[in-house]
Amino acid sequence: MKIDIAVLHDFIAQYKASFPEHRLGPANEIYKWKAVKCFQDNWDINAPDFQSMLKSALAKTYNLLTSSQFFPKRMIEMFAEAQPETVRDLFRALFDEGVDVKKRVKAFEEGTAELLEGYPNLKMTHQDPNSISTYLWLRYPDKYYIYKYSVIKDNARKLCGIDLPTGKLDRMMFCFDLYDAICAELAKDVELVEMSRNSLTDDCHSDEALKTLTIDIGYFISKHEPARSQGISSKIKQSMPKNIILYGSPGTGKTYSSIQYAVSIIEEKPLAAIKAENYITVFGRYLKYTEEGLIAFTTFHQSYGYEEFIEGIRPVVTSDENPEDRNELNTKFVTESLRRFVIKLERLSAVGKT
């Protein structure tokens, strides 16, 4: 997982600067460490009264499992009250580390969906990868993280400049990988680690593996912007239009300038600063960003008509003598048009890579 270390360090610096307020002040984010300790102290898969045990174990999760329009804690406790042995088996399977984690999460989600069938007036179990990953983190706090779509989406954008995968389980696994990369960087910051551990009281999980700290940093990142984007880079974002047209006769430097514009946008630097650099150096970075998929270069030749380049298909004009052929496309023509269209795309792609 490739992340922008400089941006991450910006966030870490902000986090440490606001640490007392964030961890122990009004935000009171220390409750995450208390939630883990509470779960660890109360969890017993073989408890005679499973429903009561589960309720005690989840007692300090608060908005981790209960928020506006999201009630996984209430739903799982309701299921446990009605069918404790079924829910016990679901948790036993979820916490079986001998099975692939994606399979376990999917099985838990499907198992609770079956329980919902006994409640025709209810539409959702609220047991999704978010809540299920929270159970995994509570049970194994030195291995797992909380996956929350909105948080990890912001983290992926700000730290990696990419979007999330499409599948919900794939997004969860992406979260785990990204947080592993963040966690590895946090462990290098001796001051941060010391600050975090010194803030923990006896009713908190010790967080030796820094997984809960990573979750908290991820939440912090989703709520803030990097320091460098709060100054000149934010002005660049606001001043740089979304659509830019460079025009002029052939040979006047449009392609040359487009490379400078692209690097300026990617790096959030003033265009004047990029133009002041050695062009070969800028071009090297441009190639790097192109390889990473951040920039795409496509050539539209002026001799191509819209139908040729975009569609490659033209309607077949039929005579009045054959009315039954009207509104039909000639199959042979379509096949040949598509073949030529693919060849053009391959040629354009080759040009874009040179």
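FYI, it's all coordinate maths here, none of it is from the lab. Note that the structure is a prediction, hence the values are computed from the model and not measured. FYI the Cβ positions are ideal-geometry reconstructions off the backbone, even for glycines, and counts take in every protein chain you see.
Annotations
- Basic side chains Lys and Arg get +1 at the Cβ, acidic Asp and Glu get -1 at the Cβ, and with that the dipole of the range 96-224 about its Cα centre reaches some 520 debye.
- Karplus-derived 3J(HN,Hα), 6.51/-1.76/1.60, for each residue of the range 211-224, Hz, glycine and proline x: 5, 5, 4, 4, 4, 5, 4, x, 4, 4, 4, 5, 9, 9
- Cross-link pairs Lys37/Lys102; Lys16/Lys37; Lys106/Lys148; Lys16/Lys153; Lys2/Lys153 - those with Cα-Cα distance over 18 Å: Lys37/Lys102; Lys16/Lys37; Lys16/Lys153
- Mean Cβ neighbour count within 10 Å, used as a protection proxy, ranking 27-34, 38-45, 202-209 highest first: 27-34, 38-45, 202-209
- When each of the peptides 70-77, 162-169 is scored by how many other beta carbons lie within 10 Å of its residues on average, the order from highest to lowest is 70-77, 162-169.
- In a simple Cβ point-charge model (Lys, Arg +1; Asp, Glu -1; nothing else charged), the range 1-82 has a dipole of about 120 debye relative to its Cα centre.
- Residues with amide H under 5 Å from that of Phe70, placed H, sequence gap 5 or more: none
- Equivalent-ellipsoid semi-axes for the range 5-229 (Cα gyration tensor, √(5λ), whole Å, largest first): 31, 20, 15.
- Neighbour-count ranking [beta-carbon atoms within 10 angstrom, fewest first] of Leu24, Leu200: Leu24, Leu200
- Highest average packing first - 53-60, 212-219, Cβ atoms within 10 Å: 212-219, 53-60
- Distance histogram in 10 Å bins (all Cα pairs of the range 76-162, percent per bin): 16, 43, 29, 10, 2
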